[in-house]
Amino acid sequence: MLDALADFARHLAEEYGGAGLALVAFLDSSFLSLPEVSDLLIVVFVIRDPARWLFYGVSSMVGSVAGCYALYAIGRKGGDAFLRRRFHERHLDRALGWFQRYGLLVVVIPSILPPPMPFKIFVLLAGVARVRRAAFVTAVVLGRSFRYVGEAWLAYRYGEDARRFITENLPEVSMGAALVIAVVGTTVIMWRRRLAKSPVE
């Protein structure tokens, strides 16, 4: 089934170019699961037409953001009941607590990581937690730009070597980037809270 979906996604991309990449990314980020298909398609398209690397990267990013927003909207309109039917209440309450403590880092970090990171659950939770729309979209744009536009640039810069590098090292590179963002973001959050608690002189 997964192979059939991946072949369908490749056909869409081949048929419609940048719009096809956006559609594949939308489906992967919303109602289907197409692990790493968008990542590989971006590289293939850029190797064929290096001058359009930015267009292909942005197309995938825009499609992914739109797909994430569709799930986020579902979360806002009743996702709490949907999630509580499928996950233990204690786990959901803990995850919602992460939003209160760490804010949009809970969205940005998973948006960078490739499968098997369960990104969609965090998107739904962002809707349930009533994260501001503009803030949510900004977080996903940042994370997905880092991933998809970054991959497009690597393919433009290194060609076939980029395909091998991404295939073999995407999880490790993404994890390292996410770790850096997590450390920097958590430090900023703690610093702001410390300033907020400091007595005003």
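The values are calculated or read from the model by the stated rules, or taken from the named source; none is laboratory data. None of the values given here were measured: they were computed from a predicted structure. Heads up, the Cβs are rebuilt from the backbone with ideal geometry, glycines too, and the neighbour counts pull from every protein chain shown.
The number of residues in the stretch 126-164 being farther than 18 Å from residue 110 by Cα, without any contact (Cβ under 8 Å) to a residue 60 or more places away in the chain and aromatic (Phe, Trp, Tyr) comes to 1.
Applying a threshold of 7 Å to beta carbon distances and a minimum spacing of six or more residues, or different chains, the list of pairs starting in the stretch 111-122 at a residue that is part of a loop (DSSP other than H, G, I, E, B) and crowded, with 17+ Cβ neighbours inside 10 Å and ending at one that is at pLDDT below 80 and of a type in the set (S, T, N, Q) reads 113/174; 114/174. Looking at the stretch 92-102, is at least one residue touching a Ser or Thr at 6+ places or on another chain (Cβ under 9 Å), closer than 26 Å to residue 148 by Cα, modelled with pLDDT under 80 and not in a helix (DSSP H, G or I)? No, the conditions are met nowhere in the stretch 92-102.
In the stretch 66-90, which residue that is part of a helix (DSSP H, G or I) and surrounded by fewer than 12 Cβ atoms within 10 Å (Cβ to Cβ) is modelled with the highest pLDDT? Among them, the one singled out is 77.
For the stretch 34-62, a residue qualifies if it is in contact (Cβ under 8 Å) with a residue 24 or more places away in the chain, surrounded by fewer than 16 Cβ atoms within 10 Å (Cβ to Cβ) and not in a helix (DSSP H, G or I), and the qualifying residues are 35, 36.
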